[in-house]
Structures are given as C-alpha cells and as structure tokens.
Amino acid sequence: MVAQAEDVIPQRSPLMAFMARWLLTTNHKEIGTLYLWLSFTLFFIAGAMAMVIRLELFQPGIQFAEPLFYNQMVTMHGLLMVFGVVMPGFVGLANWQIPLMIGAPDMALPRLNNFSFWILPFAFTLLLSSLFMDGGAPNFGWTFYAPLSTTYGPPSTDYFILGVHMMGISSVLGAINVIVTIFNLRTPGMTLMKMPLFVWTWLITAFLLIMVMPVLAGVVTMMLTDRHFDTSFFSAAGGGDPLMFQHVFWFFGHPEVYILILPGFGIASQIIPTFARKRLFGYHSMVFATAAIAILSFIVWGHHMFAVGMPVWVELSFMYATMLIAVPTGVKVFNWVATMWRGSMTFETPMLFALGFVILFTIGGFSGLMLALVPADFQYHDTFFVVAHFHYVLYPGAIFGTMAAVYYWIPKWTGNMYDERLGKIHFWTAVIAVNLTFFPMHFTGLAGMPRRIVDYSLQFADFNMVSSVGAALLGMTQVLFLYIVIKTIRGGEKASTRVWEGADGLEWTVPSPAPHHTFETPPAFPPIMDENESTSLNE
Amino acid sequence: MISMSNGLRNCLTLAFLASFSTLTFAVEFDLREGVTDMSRRIQDLHHLSLAVCVVVGIIVFGAMFYSIVAHRRSRHPKPADFHESLLVEIVWTTVPILILIGMAIPATTTLLEIEDNSDPDLTILITASQWKWHYQYLEADIGFYSNLTTPTAQINNLEPKGENYLLEVDNPLVLPTNKKVRFLTTSNDVIHSWWVPDFAVKQDAIPGFINEAWARLDQPGLFRGQCAELCGKDHAYMPVVVEVRLEAEFDKWIDDQRLAKELSSGQAVADRNKTWTMAELMPIGEQVFLTHCATCHESTGVGQGVTYPALAGGEIPNGPLEVHIDRVMNGRGGTEMQSWAPQLSDRELAAVITYERNAWGNSTADVVQPKTIYATR
Amino acid sequence: MIETHNNQRKHIVLLISLAVGMFGFAYALVPLYQVFCEVTGLNGKTSGRARDLSTIYQNQVIASDREVTIQFLANVNNGMPWEFRPATHQLRVRLGELNTTDFYARNRAAQAVTGQAVPSVSPGFAAEYLHKVECFCFSQQQLEAGEDRHMPLRFYIGDDLPEEIHTLTLSYTLFKVPTVRASTLVSNRS
C-alpha cells in the first residue's frame, strides 16, 4: 500500500512518508515494533508511578503524595502495567514472531492488525488524561470494586470505562487475528503438534482473551449503567449485589492473569532448548499442561474473594481447584529443568533471563500455593503478601520473559547483536533489584501490613525502606535496558542468520535483519539448519 | 566473572549477610501466632505450606544450580539426546498431587471449624463506614464509634511518631477472654474489611449484607488491626483496636458503659436547655471540624477539588441554614459526605455548623443551638 | 488460497460469535447469579415475595419443639436520613411457629423520603428457611417529613432448618430511593 502511494505522490516529504509508513502499515514486523515501543513507553510511565508509590512509602508519614493522589497512582500503575505493558508487549512479540515461526508471509488479517494497534494509543491517552481531570484519575485500585467505583467513583471513571472498552476491543481483535493466522497459515508439514511452543502458548492465550475480555466489557458496561442509567447491578439499594461485581470481575480477572504469563512460558520454552543445545523435554506434556492451566483458570476465580463471606463448600471448591493448578505449572517447571539436564549450556543474556524467569516465577508460584489455603489466606488476603506474590509472577515472570525474548530475537529483528556485557549487567542488577524490592513484601504482609495504604505503622518501616531502595535500583535498570535496545538498533556486531548455535526453527532461516517481507512462498518444514542434519526441536 | 580466592569470597559473603543483622532487630519474619486456637492452627498451616515450598524449592533449584554448573558447555560439551519420558511425567504429576492432598486436609479441617459460627456467647455488630468503625453490643445494647486518634501533626511529619502510630483509637472494642464472640460485619457505604491479625479474623464489611465470623480469645491484652479493603481516601486511617479483658473486668466495663450512656443523655438534656453564645460554640466547633471534617474539607476550609467542595466561601455554609443543617446531619447520598447525626451530639453538630458559617471569611453571624438540632432529629 | 480464505472466513465468524457470546454471557451471569443464590441461599438474601400461609398450613401453624434464636438488626445506609431500629433485638422462636415483630422508622429530613429495606441473613444458607408472610421489605416505604411508623414483619422459620443452626440473624439495611426519577442525564455529582 505504502509503496503504491509513494509512486503516485513522489513529492511526499520525509515527515509525511514517515507518518504514512507507521500509521498505515499492515506489515507484521512493523506492527510488532509499534506494539513493543508502546509497551516500553507505558512501562516507563507506569514505572514512574511505581517510583512515586515507593518514594512515598520510603518512610511512614505523608511526605508528598496525599492519600487521594496516592490511590490514583496505585490504580493507574496497575491498570497501565496490566493493559498497557504486559499485554501489548506480548502482542508485539506475537506479531513479530508468529508468522516467522510458522512460515507465513504475514498475519492473516493485516489491516485488522493495524487497527488493533492504533486503538491503543487513543485508549491510553484517554486513560492518562484522566490524571488531569477534576476529581483526578480512577482511585479505586485496578480491580475497581463496586460500590467504590460505581457510586463513589470520580467523574473520570466514565473515561476509564471507555478506555477499558477500547483496550478490550483491541485485544479481542488481535486475538482473533492470532488464532486465524495459526489455524490457516502454517507452512505445509507443520501440524499443530509440531508448532513451536511460543506459538502454542499464544494460541491458547488468544482463546482466553476472546473468552474473557468480553466479560470485562460486560462488567464495565454494567458499571456505566449503574452510574448513569439507573440500573442496580451492583447496588444493594436497588436489589443488586456488590459481590456480584467481584464474581463477574474475577471470572475475567483470573484467566486474565494467565493471559499475562502463558506467552512467557512459551518464551522460556524457546530459549532454554536453544542455549542448552537440547530439545525441549516433554513437548506433548508442555502443550497439555498449558491447556490444562488455561481450562482450570476458569474455575478458580473465587480465590480472590475468600474474605467476602462465601459458604464453606464454595470456599473449599475454589481452594481445591486452585491447588490443582500447581500441578500442570509444576510439570512445566520440571520439564524446563529436564531440558537443561545434561545439556550443554552457555549463559548468554537471553538464557540468563529465561533461567531467572524459571526460578523467580517459581517463587511467586510458591506464595500462590500458600495463598490458596483458605484459613491461611484470611491472614494473607489484601496484605503485602499478595503484592509480593503477584509481583514475583509478573515481574520476573512476564517482564523477564519479555526481556528475554527481546534479547533473544533482537539480533533477528535488527541484524545487530546487543552488547553482551551490558546485557549481563542488566540481568544481574535486575535480579538483585527485583528481590530487594519484592522479597521484603512477603514479610511486611505476614507482619500485618494491608495493601493500598498510603501510610503505615512503625513496625513496617524497615522493610519498606529496603523495598524502596530496591525499587529505585530497579528503575535504573530500565534505563539501562532502554540504552541497550537503542544501541543495538543503531549498530553492533553483525548477527548471522542462525544467530544462536543451538537455535532451531523457521525464524532462524531468514536473514538478519529479517527482510520486510519473508516467507512469501511457504518454506520447507522441518527447516534445514546450518547445512547439517535437520534437528527439529519441536517434534 | 570476577575471579577471587575462595577465602576472600567467603569473607565478603559473611560481611554482606552480617550487614543485615542490624535490620533483623526490629523486624518480624513469621506470621504471628495470635491469641486464639484458630490463629495458632493457621500459623501451623502457614508453616506447613512454607516448609513444603522450601523443600520443593531446594530440590528443584538445587537440580537447576547443579545442572548450571555440571552441564555447562565448558564441562559438558556434548548434550544428551533424551527429550521425553512418560514415566517421569507421571511421577512428577502424581507426587505433587499427593503433596497437595497432604496440605488440603489440615486446611479443610481448620476451615470447617473457622466457619462454624454457632452458639456464640456474645455478638458484636461491626458497622464500617468511611473512615471509622462502629461497634454495637447486641445483648447489652451499647454502641459507640471508634476513630483514629493519631494526630495529623504526626502524619504530616511535624511531630515524632508515637509507638502506636496509626494503630490507636478513641474507643477500642472491649471483649472478654474465653468466650465465643460472634462478629457481624456490615457497611454503610463501600466495602471495608475488619481484620485483627492476632485473632486471625478478617471479614469483609459489605453494604446491604451481613457477614459473620467468630473468635475465642485466650488471653487479655491490646490487639491492633486495620481495614483490609480499599475504601477510599483514608483507607490507611481506620484502625481496629481491641482490648481484651478477663471476664469479671469485662462485665464491670459493660456496667460502666451503661452508666455512661445514661449520663450522656442527661448531659444532652442540659445542653439543649441552655442557650449558647457564639464565643462558646466556635472553639468546640473548630475542634469537631478538625477531628472529623478537615481530612476532606481541609483545616482551612478550601476543600480538594470537586470531590471535597470548599466550605470557605462555599454555597452551603453561606446559604440557607436548613439546607446546611440537613447536609451535615443527613449527608449526601452517593458521595463520601456521610450523615453525622448518628455520631455527633446535638452540641457538637450545633457547634460545627456554627463554626463553618463563621470561619475562614464566612460571616453569616448565625449561631445554631443544640435544641434546634434536637428538634430536627 | 481460496480454500484458505473460506476457512479464514469461517474461523473469523466463529471467533467473533464467541466474543459476542461471551459479552452476552457476562449479562447472563446476572440472572444466573440470582437464581444460584436463591436456590442455595448463599448470599443471605431472602425471597422478595410473601409466603402465603393458607396454601401451606391451611390456616393452622404447626409448631415443632425445636427452638432457635433470631436476632434483628437495622442499618441505615449513608445519606438516608431516617432513624431505624428493631422493636426487639432478638426473639426465641419455635420452628414452624408464626411470629410477629416490627421495626420503627422515622424520617428526620425536612422533606418526604422513600426508602427500600434490603434484607440479609446470616448464616447465608439459613435465608431459604426464613419465610416472610408480611414484610415492609417487599415494597418501598415513603415517609413524610418528620413522620414515623412501626413496620410489621410476620414470619416463620421452616421446620426443615438444618440441625446445626441455633441462631440466625436477620438484618435490614435502609437505602434511599429517589422519590422522583431524576433525569438520567443528571450526574449525581452536580
């Protein structure tokens, strides 16, 4: 499209050409890049909010963030990280990698792909602008429970609802694109059970997205009508039920957190075999475990609500189902270890991040298992123990996963190797910082510190100070990462086609950087790597 | 990476770890034992799950670290070939299931006991609102509000913080030892959550619904907790304080409360019969305002944006008196402006309304009498 | 190519239907949730309908020997300017026996106010055994400025109440209902 336009209007200025290219692109690589930059930008904005939070919590007392403003920071930090960083980041990786990994020329619906992306800058501008509205931004936590969010929400709540709708539409359309691409555009010979695991985890994630984002849309629409059109979905006054909000929200919310991690699992399953120079252990098992996790994720939502007063048998059912999820998750971890076992490992930055992911995510999984036990949860619920849990699974989970993927694939995207020494510095500093920030939160939670509080009593002070120092360090590692990414884009040691000695898969058969159009004819599968015997790691 | 002798490395590690010893002095690492049977069983459950996680972690991470060392390319140049094993998959699916069952059993029995609220010895109705608790003793028919008493000067770092910073209230809940106490929780506005870690009781307070929980306290003492569900601006500022007394002392306390209730209704009558002057009401009004109203409307009356309207020069304090009285006494539904009639006495309401109408440049010269408030109730 | 296109079209239609269906499912959860709660009593809501004595007991109440305590609580929601309290905090009743109590309400405000009482029972599953023959909670109640009223409650507890329940608590929360339906475009923040 753009090429034709340039033929017809040869006088386009460089600026117009630039804008036309990026506004109108239907190329999966460019759209992937757009998603990744959007995610990275919002990562800094949401990260800055985290800095505000941690700075205020550095010491007891109110230093500079008044409670109302603090609650806005807490809310927006959560919303932006979930909807603006992790999700678009994974979609960006999906866009770049899925066509390359299945041997397709592009996504199945390229124009829809462009539309799905461009909704997001509008949605986030709307959401961020709420900070400047009268009454401030949403201040009721990213989980926006009624009636705090319905009856007592600030005027900006309605813009928040619109923003959520827009993000939801983007996600659903993107997910449809992913599924249609995977089902229809695989190169001949690549059956479903021969797909790379990253593609599998994204396929399952896409189904989760289509099933639960509309439920979120339903919930926020009910909020909107409760606020303005005299309905009483969540108001006891009109015969409604604030608890129903929680049930419907978490019916979305729990599968959502698996949406936030499954692609990360897929990334680990790509990287570890490459650097262990050994096939992924238990491919079939990994696929089934991922599917099991996804299915189970629909019947555990009540574990976010153990303190609301549900009957015993309901609490027990949710407890058992939640504990059960530990089984397929554990299977995945064991399979990664078995992949490493008796391999021949080197520890370049992608491998470091992948291994950090496995270890630290597992720690998050452990606190999750502890949270599942209802009586104990009465002491953990709504404390920093929960904050520790989800930050371990999200930061060393989703974020390390994304960073690992960037280090792994950026040589293919740009044709340049990143600076290995800097990459290692990034990794080790991030590991130290992440643990310094989030590990003490287990203890503050156990000691009795609730969540979402602007100020705390004195016995929590020491650990909060440690967390805040860790957070400052963590913030600095992001700047380093940005520097590394930009440096790599601008130049570096040239990357080969295969890039990594143990790499296997179709994406490693195209030149580095990957040309604008790849696989215009379907490639042979399994691919021939390096003129030697073909070793398909994904059989 | 950096090469150094083993000895040097050990010294540095020790020094690094030792530097944490100053921290451990003032911190807790473990979930507390608490003062009820249930809280102890919950601590046991916590220890059990933690132990399982640590052991599994040691095994899994141990295997990983071993592999990282033994199977690195420099030491293990030829990677093995295997990539699946049905037996192994079955084993590491079944064993975790068995471990989980081992954890689920004590969790289930403990939960069944916790959720058995039958046959209490006394019942307390806990009503949450933004941002305080109301406790009502159903059998004894006494009730009172429990508000945070930490001075704002401490919160704003103008004074050093007291030992019980943010965990101190004017009227704690008083309970007897060794009686099964049933807690009924509800809310007047948004969802809050009543939590006392030492009792291991956490129960959401939901508007329009009542929930129940129970505890039997083993020993006397002062126990502190907090609201555990985000409920708006001052979520961090509504602590729970429970004073547990031996039974005989508790009974005496109940009698004292009943007496105090009669006395205060006597006081209220005296207040109504007197005609108060502006000079008498303004200081009382200012005190009430700073305690209850300033957190939202600011001590200078300027408010905070559209959410907490300005009173200085505001429409209502300078407008018709009945509207102002109605707003303070009955609140404004659907906003955080609550009805103050249940919590404040006639004198306090009269004083604070008078103050609002004559402070910060407002000059209505209105003086509101307690008997006017009484007549409006 | 054409085959792929047809397949793609089929997939797209199916997936969009799934998305739309799930949106509908979210709304379907509302009545589903109500039904589930009514059937299991798990959120403590009593039925909003009067129990007709005649069809069940043929005008004669059969009381069993078993007694339970029922407690009454009255709450007023934020912004509701009524005084509201139960005539008695608790009663000792026999199962199957018809009982009457009342709740006192007074409108403190200077204008007429309409209220809706919303019941909640604890333990939640006891709600399905609490049968109300006459209750002020079945309909909205309007009080003029300063008016007060005693509002009756006639009920019986079914003799099939599970053995383990010895005390149950019935709580009413009074909410303000707009007497005149305000224009839906007016924000409640103005």
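Observations on the model:
- Among (1) crowded, with 20+ Cβ neighbours inside 10 Å; (2) aliphatic (A, V, I, L, M); (3) away from chain B (no Cβ under 14 Å) - the single one residue A:52 does not satisfy: (1)
- Of all residues making up segment B:54-72, the number that are surrounded by 18 or more Cβ atoms within 10 Å (Cβ to Cβ) and part of a helix (DSSP H, G or I): 4
- Condition met for residue B:68 (more than 9 Å from every other protein chain (Cβ to nearest Cβ), modelled with pLDDT of 95 or more and over 20 Å from residue B:31 (Cβ atoms)): no
- When A:339, A:349, A:362, A:329 are screened for being at pLDDT 95 or above, of a type in the set (Val, Ile, Thr) and over 23 Å from the mean Cα position of the chain (by Cα), only A:339 passes.
- Total residues in segment A:24-76, condition assigned to a helix (DSSP H, G or I) and either of a type in the set (Gly, Ala, Ser) or on the phi > 0 side of the Ramachandran plot (or both): 6
- Within segment B:233-267, the residues that satisfy the criterion of being under 13 Å from the mean Cα position of the chain (by Cα) and among the β-branched types (Val, Ile, Thr) are B:240, B:241, B:242.
- Residue B:149 being within 27 Å of residue A:460 (Cβ to Cβ) and among the polar types (S, T, N, Q): yes
Listed here are the residues, each with its yes/no results for (1) closer than 28 Å to residue B:332 by Cβ; (2) surrounded by fewer than 24 Cβ atoms within 10 Å (Cβ to Cβ); (3) under 21 Å from the mean Cα position of the chain (by Cα); (4) not charged (D, E, K, R).
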| residue | (1), (2), (3), (4) |
| --- | --- |
| A:106 | no, yes, no, no |
| A:110 | no, yes, no, yes |
| A:114 | no, yes, yes, yes |
| A:121 | no, yes, yes, yes |
| A:124 | no, yes, yes, yes |
| A:133 | yes, yes, no, yes |
| A:140 | yes, no, no, yes |
| A:143 | yes, yes, yes, yes |
| A:149 | yes, no, no, yes |
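- Considering residues of segment A:491-509 that are outside any loop (DSSP other than H, G, I, E, B) and out of contact with any Leu (no Cβ under 6 Å at 6 or more places or on another chain) only, the residue nearest to residue A:343 (Cα to Cα): A:508
- With respect to being more than 26 Å from residue A:519 (Cα to Cα) and either modelled with pLDDT of 95 or more or surrounded by 24 or more Cβ atoms within 10 Å (Cβ to Cβ) (or both), residue A:194 falls outside the description.
- Segment B:38-64 - residue that is more than 9 Å from every other protein chain (Cβ to nearest Cβ) and more than 18 Å from residue A:446 (Cα to Cα) and, of those, farthest from the chain's Cα centre (by Cα): B:62
- Subset tally (residues that are in a strand (DSSP E or B), within 13 Å of residue A:308 (Cα to Cα) and of a type in the set (A, V, I, L, M)) for segment B:158-210: 3
- Flag if residue A:490 is within 23 Å of the chain's Cα centre (by Cα) and among the basic types (Lys, Arg): no
- Complete set of residues in segment C:77-97 that are within 11 Å of another protein chain (Cβ to nearest Cβ) and on the phi > 0 side of the Ramachandran plot: C:79
- Matching option when the condition is surrounded by 21 or more Cβ atoms within 10 Å (Cβ to Cβ) and within 8 Å of another protein chain (Cβ to nearest Cβ), among A:308, A:300, A:312: A:308
- Long-range neighbours under 9 Å by Cβ, at least six apart or interchain, first residue more than 8 Å from chain B (Cβ to nearest Cβ) within segment A:353-376, second among the acidic types (Asp, Glu) and surrounded by 23 or more Cβ atoms within 10 Å (Cβ to Cβ): A:371/A:377
- Of all residues in segment B:73-110, those that are surrounded by 16 or more Cβ atoms within 10 Å (Cβ to Cβ), in a helix (DSSP H, G or I) and not hydrophobic (A, V, I, L, M, F, W, C) total 6.
- Of the set (1) part of a helix (DSSP H, G or I); (2) more than 7 Å from every other protein chain (Cβ to nearest Cβ); (3) surrounded by 14 or more Cβ atoms within 10 Å (Cβ to Cβ), all apply to residue B:35 but (1).
- Filter pass, residue B:225 being within 26 Å of residue A:147 (Cα to Cα), of a type in the set (Gly, Ala, Ser), in contact with a Phe, Trp or Tyr (Cβ under 6 Å, 6 or more places away or on another chain) and within 9 Å of chain A (Cβ to nearest Cβ): yes
The values are calculated or read from the model by the stated rules, or taken from the named source; none is laboratory data. In this text, all values refer to a predicted model and were calculated from it rather than measured experimentally. Cβ sites come from the backbone with ideal geometry, for glycine too, and all protein chains shown count toward neighbours.
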